[in-house]
Amino acid sequence: MGDGIKIQFIVATRECDENFWKNTATGRSLALYKSQHLNVVLYPVNQKGLSEIYNSAIDQYAGEPCIFVFAHDDLHILDFYWMHSVLNGLNHFGVVGCAGNISRVPYQPSWAFKNLQLEWDEAKNLSGVVGHGSQFPPENVLSIFGPPFQQVKLLDGLFLAVLSETLRKNYLRFDEKFNFHFYDMDFCRQAEIRGVTMGTIPLSLIHESGGNFGSASWRQGYETYIRKWGQ
């Protein structure tokens, strides 16, 4: 990466340190990328909420110029130039991700769904491509949401990237009321009211999890989200 800025790749896992690199998709992917510009900040055997973990990393590294990547541990990173794609995206947007929605409607329960019946939003509002499965080619589905490199209002939290300077000057952090569900929705709402732009980037990923929509913990997160934002 030409300007020498370092990526702090923040990832939490229930695996121990050794097994993260052997057993998780993200660990196996990152093991391929030996770069002086990449530092993996691993939280092994994790039982804490993602917001708490991410804020801990922000507190540790926000004082130095860097790019934060906040990612799940079940991602197959297929793009050999993923670091350059992130940097290029951050030259245009304040926060970048792999999938998102250019629209946001009242009581929306996900970046992709428009209501609690989990109906997909219109294709014209969606942006990005994500594979689903445990291998390449993805055995489940390739979700082609829409053209990437669009400004959006909501991003999927499976992979988020932002400059430390953007977080610092906008007092932007994760709300620790959200352990796993809705931390990404809330983060995007915070970015929006602070005038921080968000956009999707072309980045080839396979996500092993399809989400846990409709579970008791998900519904509790939704209720917390609506109490905070009103809609």
So for R0 = 30 Å, FRET eff. of Ser215-Asn23 from the Cβ-Cβ r, to 0.05, ends up at 0.80
Ranked on Cβ counts within 10 Å of their own Cβ, fewest leading, Trp120, Trp82, Trp111, Trp218 go Trp120, Trp218, Trp82, Trp111
For Gly94, other-chain or 5+-apart residues with amide H closer than 5 Å (H placed, Pro excluded) are Thr197, Met198
Mean-square fluctuation maximum in Gaussian network of the chain, Cα pairs under 10 Å, restricted to Leu158, Leu142, Leu205, hits Leu142
Taking a ≥ b ≥ c as the square roots of the Cα gyration tensor eigenvalues, with a/c under 1.5 meaning rounded and otherwise prolate when a/b beats b/c or oblate if not, region 1-63 comes out oblate
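Restricting to lysine pairs 8 or more places apart or on different chains, what number in the chain have Cα atoms under 15 Å apart? Provide the component values of the computation, followed by the final result.
Values: Lys6/Lys34; Lys48/Lys177; Lys114/Lys124; Lys114/Lys153; Lys124/Lys153; Lys177/Lys228.
So the count of such lysine pairs works out to 6.
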Interchain or sequence-distant (5+) residues whose placed amide H lies within less than 5 Å of the amide H of Gln150 are Thr200
Full extension between Trp229 and Val45 adds, at 0.36 nm per residue less the Cα distance, a length in nm of 63.0 nm
Here the alpha-carbon Rg of the chain over 2.2 N^0.38 Å rounds to 0.94
Sorted by chain and number, the residues with a modelled amide H under 5 Å from that of Phe9, at a separation of 5 or more or across chains, are Asn39, Val40, Val41, Val69
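Coordinate-derived values only; no laboratory data. Computed from a prediction, not measured in an experiment: that's the story for all the values here. Glycine gets a Cβ as well: all are built from the backbone with ideal geometry, and neighbour counts include every protein chain shown.
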